[in-house]
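Trainee: What follows is a single structure, and I will ask about it in a moment.
The values are calculated or read from the model by the stated rules, or taken from the named source; none is laboratory data. Given the structure is predicted, the values throughout are model-derived calculations rather than measurements. So basically every Cβ, Gly included, is an ideal-geometry build from the backbone, and we count neighbours across all protein chains shown. Remember, those area values only see protein heavy atoms, side chains included, never the ligands or the DNA or RNA. Shrake-Rupley method; radii C 1.70, N 1.55, O 1.52, S 1.80 Å.
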Amino acid sequence: MKKILSTNEFLVALIIIVLSIIIGSKNSVFFTAGNLIDLLRSGIVMGIFAIGVLIVIVSGGIDVSFTAIASFCMYTTTKVLNYYDFQGSVLIAFVLAGAMGLILGLINATFISFFKLPTLIVTLGTASMYSGFLLAFVGVREISNLPAGMSKFAKMNILKVTSENGVVSSLHFSILILIAVVIITWLLLRYTMLGRGIYAIGGDRVAAERAGFNITAIQFFIYGFVGLLSGIAGIVHTTLMRNSNPVNLLGMELIVIAAVVLGGARITGGHGTVLGTLLGLFLVIIMNNSLILLGVPSYWQRLVIGILILIGTGATAYRTMRSSRQLHRNSVG
Amino acid sequence: MKKLLSLFIVVCLVMTLVILPGCGKSADESKTTQESKSTQENKTSKGDKSAKTKKYKIATVPKVSNIAWFDRMEEGVKEFAKDTGHDAFQVGPQKADAALQVQIIEDLIAQKVDAITVVPFSTEALEPVLKKARDKGIVVISHEASSLQNIDYDIEAFDNAAYGAHFMEHLAKLMGEEGEYATFVGSLTSKTHNEWVDAAIKLQKEKYPKMKLVAEKQESYDDQKTAYEKTRELLKAHPNLKGIQGSAMGDAPGAALAIEEMGLTGKVHVVGTSLVSVAGKYLESGSCDLIGFWDPAKAGYAMNQLAVMVLEGKEIKDGLNLGIPGYENLKLKDKVFYGQAWVDVTKENMNEYDF
């Protein structure tokens, strides 16, 4: 019992509950099914990103290129499919974007693994490269008319809730994609040797190498996987907004990384769980999507978001610090 | 060897970092033109300055470089270059960010352009760098920024208060002159957006006392997704909301998508500035009622035209005619010219506009 109480996940969940109660007491709309669905919906794209970021952070790296990869994949896919006036299924769009993302991710992996460059530098550089290439050679104008398969997918909902005043809230099919990604990643990190390897690299690279893990292969897997997820997230983003814009995902990377860190993944590597990440993400989404419900004037919204993130990350960081001190004391004593 | 190779890669990456942000294709273009231009300039600058054939180098800096609105403006700038033979080009930041805009103008000053025409994202942030440009003898013309101090002239497609108020007239009519409404601005520092909304709110308070403002100036950061999410939230927080007035280009379509998905088409009315290519499908489905805009291509053309007139030392006064529809009889107030160039589009006449 004490073990559960002292986990990071528990702390984040506690913050979520307290925040929810505060918001709910100010505005009862917060607890309606419609609002819950809206919160889930705005978390789909960020959720897929966050899972990718989690794996990278666990392995001791950091990736800031995933939004650039996603923009690249979704915009190029939309443009190519429109060019051929493609009428088929949305699956092709996912396959195309996923494949492109995988390739871009593997480019990242090549720099990181073969040239042993710091991950932040590599992904900063490639992010700029990918989005520069996109804007210079593929196009800059946003596309409002999506290919047939994608517009059809945009209207696929698995759940519809109509509130008493006739407002419809619908949960989009792509939540299932997020759920699938979450389950696969959870199984991967928990039950496979590959998952153990990812934690091992993040914990101590040299030790992992001596223990017999193939670091190059694992790194190729990590960054390829993140690229693949980014490509898929890009298509989901485009279909949800019914509009393909080559830049409006850029700049989201910091809030996603903040969500993952809030969820207890340590930026130094070796620690982090899927559950924690989802909780951290949910906390960020609640913060981002409830200020109007709270009646915070728009002049104050940015300030409030900043304060909440500071408190959130501060609390988890403080806890981590304390627990590592305790660990130290235990091992000495 | 490996060390050398990795060093090379690092250098390459750093280069892409330095070169790529803020400048897409047009920056490269401007670089090559700058080189050819500077040799040309050396010849002419020592010679006869008043020569009528002198070709000027004029840069147009939009808020952000890759949205339909400023793409359309670029068409006007290119048309101007073709018509007049001046070296006119457009270069803007990749995302709407005041700091990036300052950086681009700094670069342009270093490139020794003759004139800069600019659509500021944040007027306050640009004052120092525009002062620097003017100190170096560069002519500065702005658009959508009637409060800027360090400019030669500002040119507005219309009087902002009149434009903002006309949206309220339409919104009031759609709402039956009663009920709750909300307004969006791209950013609280976007001067024109705030002027439109202020004028609209003022008109509502004077003329439509039964209407009630429940959420003033929500920021959309010029992003359709943000407008969409905030609209959903607004409709939950204020279930009786009946009208939304948008300002940035993505506000009206973002709000309209939210309304369409929530099944409120026809119950909540949306008006705002946008373009047919972006908001057209929502006009068609009825979730967006009316969009207004001015043709950014003509505005870009007009800014460049005015810049050349200033450079050539022509007389600039009230009633100026730039020879562009809507900009034929400009009203001068302090340093600001006002045209009469707005267009309203509804479902009925949306097919007349292809941008």
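Trainee: A:Gly227: out of contact with any strand residue (DSSP E or B) (no Cβ under 8 Å at 6 or more places or on another chain), open to solvent by less than 60 Å² (accessible area, probe 1.4 Å) and touching a residue at least 60 places away in the same chain (Cβ under 8 Å), yes or no?
Mentor: Working: out of contact with any strand residue (DSSP E or B) (no Cβ under 8 Å at 6 or more places or on another chain): yes; open to solvent by less than 60 Å² (accessible area, probe 1.4 Å): yes; touching a residue at least 60 places away in the same chain (Cβ under 8 Å): yes.
Yes; evaluated as a whole, the condition is true for this residue.
Trainee: Continuing with this model, one more query. Output the residues belonging to the range B:69-113 that are among the β-branched types (Val, Ile, Thr) and farther than 28 Å from A:Ser144 by Cβ.
Mentor: Selection gives B:Thr84, B:Val102, B:Ile105, B:Ile109, B:Val113.
Trainee: Answer yes or no: is there a residue in the range A:123-131 that is in contact with a Pro (Cβ under 8 Å, 6 or more places away or on another chain), farther than 23 Å from B:Gly280 by Cβ and modelled with pLDDT of 90 or more. Don't jump to the end; show me each part of the working.
Mentor: First pass over the range A:123-131, keeping only residues in contact with a Pro (Cβ under 8 Å, 6 or more places away or on another chain): A:128, A:131.
Going one step further and asking which of them are farther than 23 Å from B:Gly280 by Cβ, we end up with A:128, A:131.
This time we only want the ones that are modelled with pLDDT of 90 or more, so: A:128, A:131.
Yes, because at least one residue in the range A:123-131 is in contact with a Pro (Cβ under 8 Å, 6 or more places away or on another chain), farther than 23 Å from B:Gly280 by Cβ and modelled with pLDDT of 90 or more.
Trainee: Report the residue count in the range A:257-302 for those that are within 14 Å of another protein chain (Cβ to nearest Cβ) and either of a type in the set (A, V, I, L, M, F, W, C) or open to solvent by less than 10 Å² (accessible area, probe 1.4 Å) (or both).
Mentor: 12
Trainee: Please verify whether A:Leu171 is in a helix (DSSP H, G or I), within 25 Å of the chain's Cα centre (by Cα) and more than 9 Å from chain B (Cβ to nearest Cβ), treating the condition exactly as stated.
Mentor: On the way: in a helix (DSSP H, G or I): no; within 25 Å of the chain's Cα centre (by Cα): yes; more than 9 Å from chain B (Cβ to nearest Cβ): yes.
Taking the combined requirement at face value, the residue does not satisfy it.
Trainee: Taking strands (runs of 3 or more DSSP E) that fall entirely within the range B:109-223, which contain at least 3 residues that are closer than 19 Å to B:Gly272 by Cβ and either more than 23 Å from the chain's Cα centre (by Cα) or not assigned by TED's automatic domain parsing to the domain that holds B:Ala59 (or both)?
Mentor: Details: elements: B:115-118, B:139-143, B:153-156, B:179-185, B:211-219.
Where strands (runs of 3 or more DSSP E) fall fully within the range B:109-223 and carry at least 3 residues being closer than 19 Å to B:Gly272 by Cβ and either more than 23 Å from the chain's Cα centre (by Cα) or not assigned by TED's automatic domain parsing to the domain that holds B:Ala59 (or both), they are B:179-185, B:211-219.
Trainee: Another question, if that's okay. Which members of the range B:202-226 meet the condition of being more than 7 Å from chain A (Cβ to nearest Cβ), under 30 Å from A:Gly43 (Cβ atoms) and among the charged types (D, E, K, R)?
Mentor: B:Glu216, B:Asp222
Trainee: Further question on the same structure: Which is more than 11 Å from chain B (Cβ to nearest Cβ), open to solvent by 20 Å² or more (accessible area, probe 1.4 Å), touching a Cys at 6+ places or on another chain (Cβ under 9 Å) and hydrophobic (A, V, I, L, M, F, W, C), of A:Leu96, A:Leu19, A:Leu40? Before you say what the answer is, go through the steps one by one.
Mentor: Values: A:Leu19 fails: touching a Cys at 6+ places or on another chain (Cβ under 9 Å); A:Leu40 fails: touching a Cys at 6+ places or on another chain (Cβ under 9 Å).
Residue meeting the stated conditions: A:Leu96.
Trainee: Does A:Gly314 satisfy the condition of being free of Cβ contacts under 8 Å to residues at least 40 places away in the same chain, open to solvent by less than 40 Å² (accessible area, probe 1.4 Å) and assigned to a helix (DSSP H, G or I)? If you could, list the steps in order and put the result at the bottom.
Mentor: Details: free of Cβ contacts under 8 Å to residues at least 40 places away in the same chain: yes; open to solvent by less than 40 Å² (accessible area, probe 1.4 Å): yes; assigned to a helix (DSSP H, G or I): yes.
Yes, satisfied.
Trainee: Taking the residues in the range A:138-153 that are facing chain B (nearest Cβ under 7 Å) and open to solvent by 40 Å² or more (accessible area, probe 1.4 Å) as candidates, determine which candidate is farthest from B:Gly263 (Cα to Cα). Show your work before the answer.
Mentor: Step one: filter the range A:138-153 for residues facing chain B (nearest Cβ under 7 Å), giving A:140-142, A:144.
Subset that is open to solvent by 40 Å² or more (accessible area, probe 1.4 Å): A:140-141.
Values: A:Val140: 32, A:Arg141: 29 Å.
Top of the filtered list is A:Val140.
Trainee: With the structure loaded, tell me whether A:Ile112 is surrounded by fewer than 22 Cβ atoms within 10 Å (Cβ to Cβ), hydrophobic (A, V, I, L, M, F, W, C) and under 16 Å from A:Phe66 (Cβ atoms) or whether it fails that test. Lay out the reasoning, then the answer.
Mentor: On the way: surrounded by fewer than 22 Cβ atoms within 10 Å (Cβ to Cβ): no; hydrophobic (A, V, I, L, M, F, W, C): yes; under 16 Å from A:Phe66 (Cβ atoms): yes.
No.
Trainee: Pick from A:Leu278, A:Leu250, A:Leu228, A:Leu240: which is touching a Lys or Arg at 6+ places or on another chain (Cβ under 8 Å) and at pLDDT 90 or above? Walk me through it before giving the result.
Mentor: Working: A:Leu278 fails: touching a Lys or Arg at 6+ places or on another chain (Cβ under 8 Å); A:Leu250 fails: at pLDDT 90 or above; A:Leu228 fails: touching a Lys or Arg at 6+ places or on another chain (Cβ under 8 Å).
That would be A:Leu240, the only listed residue that is touching a Lys or Arg at 6+ places or on another chain (Cβ under 8 Å) and at pLDDT 90 or above.
Trainee: Which number in (1) open to solvent by 50 Å² or more (accessible area, probe 1.4 Å); (2) touching a strand residue (DSSP E or B) at 6+ places or on another chain (Cβ under 7 Å) marks the one condition that B:Ile138 misses?
Mentor: In the conditions (1) open to solvent by 50 Å² or more (accessible area, probe 1.4 Å); (2) touching a strand residue (DSSP E or B) at 6+ places or on another chain (Cβ under 7 Å), B:Ile138 misses (1) alone.
Trainee: Further question: Here is a list of conditions, (1) under 28 Å from A:Trp300 (Cβ atoms); (2) more than 10 Å from chain A (Cβ to nearest Cβ); (3) open to solvent by less than 40 Å² (accessible area, probe 1.4 Å), and B:Asp152 meets all of them except one; can you say which number that is?
Mentor: Here B:Asp152 clears every test but (1).
Trainee: Examine the range A:65-87 for a residue that is outside any helix (DSSP H, G or I), under 21 Å from the mean Cα position of the chain (by Cα) and crowded, with 21+ Cβ neighbours inside 10 Å, and state whether such a residue exists.
Mentor: yes
Trainee: Give me a count of the residues in the range A:230-255 that are touching a residue at least 60 places away in the same chain (Cβ under 8 Å), part of a helix (DSSP H, G or I) and within 11 Å of chain B (Cβ to nearest Cβ).
Mentor: 3
Trainee: Check B:Lys314 against each of (1) more than 11 Å from every other protein chain (Cβ to nearest Cβ); (2) in a helix (DSSP H, G or I); (3) surrounded by fewer than 23 Cβ atoms within 10 Å (Cβ to Cβ) and name the one condition it does not meet.
Mentor: Result: B:Lys314 fails condition (2) only.
Trainee: Show the residue pairs meeting these rules: Cβ distance below 6 Å; 6+ apart or different chains; first residue within the range B:77-93 and more than 13 Å from B:Ile58 (Cβ to Cβ); second residue of a type outside the set (Val, Ile, Thr) and buried (at least 16 other Cβ atoms within 10 Å of the Cβ).
Mentor: Partner pairs satisfying both residue conditions: B:Gly92/B:Pro62; B:Gly92/B:Ser65; B:Pro93/B:Gly22; B:Pro93/B:Leu100; B:Pro93/B:Gln101.
Trainee: Which condition breaks for A:Gly101 when tested against (1) modelled with pLDDT of 95 or more; (2) under 25 Å from A:Ala200 (Cβ atoms); (3) open to solvent by less than 10 Å² (accessible area, probe 1.4 Å)?
Mentor: With respect to (1) modelled with pLDDT of 95 or more; (2) under 25 Å from A:Ala200 (Cβ atoms); (3) open to solvent by less than 10 Å² (accessible area, probe 1.4 Å), A:Gly101 is out only on (2).
Trainee: Scan the range A:154-167 and tell me whether some residue there is in a helix (DSSP H, G or I), touching a Ser or Thr at 6+ places or on another chain (Cβ under 6 Å) and within 14 Å of another protein chain (Cβ to nearest Cβ). Break it down into steps so the answer makes sense when it comes.
Mentor: Filtering the range A:154-167 for residues in a helix (DSSP H, G or I) gives A:154.
Going one step further and asking which of them are touching a Ser or Thr at 6+ places or on another chain (Cβ under 6 Å), we end up with A:154.
Of the ones still in play, those that are also within 14 Å of another protein chain (Cβ to nearest Cβ) are A:154.
Yes, some residue in the range A:154-167 is in a helix (DSSP H, G or I), touching a Ser or Thr at 6+ places or on another chain (Cβ under 6 Å) and within 14 Å of another protein chain (Cβ to nearest Cβ).
Trainee: Can you tell me which residues in the range A:111-128 are in contact (Cβ under 8 Å) with a residue 12 or more places away in the chain and not small (Gly, Ala, Ser)?
Mentor: Selection gives A:Phe111, A:Ile112, A:Phe114, A:Thr119, A:Leu120, A:Val122, A:Thr123, A:Leu124, A:Thr126.
Trainee: Same structure, new question: Would you tally the residues in the range B:279-297 being surrounded by fewer than 23 Cβ atoms within 10 Å (Cβ to Cβ) and part of a helix (DSSP H, G or I)?
Mentor: 5
Trainee: Do we find that A:Gly166 is closer than 27 Å to A:Ser59 by Cβ and more than 18 Å from the chain's Cα centre (by Cα) in this structure?
Mentor: Numbers: closer than 27 Å to A:Ser59 by Cβ: no; more than 18 Å from the chain's Cα centre (by Cα): yes.
So A:Gly166 does not fit the description; no.
Trainee: Taking the range B:227-244 as the region of interest, how many residues are facing another protein chain (nearest Cβ under 7 Å) and aliphatic (A, V, I, L, M)?
Mentor: 3
Trainee: Does B:Gly186 satisfy being crowded, with 24+ Cβ neighbours inside 10 Å and touching a residue at least 60 places away in the same chain (Cβ under 8 Å)?
Mentor: For B:Gly186, the condition - crowded, with 24+ Cβ neighbours inside 10 Å and touching a residue at least 60 places away in the same chain (Cβ under 8 Å) - is met.
Trainee: Among the residues of the range B:245-265, write down those that are over 23 Å from the mean Cα position of the chain (by Cα) and more than 9 Å from chain A (Cβ to nearest Cβ).
Mentor: Passing the criteria: B:Ala258, B:Ile259, B:Glu260, B:Thr265.
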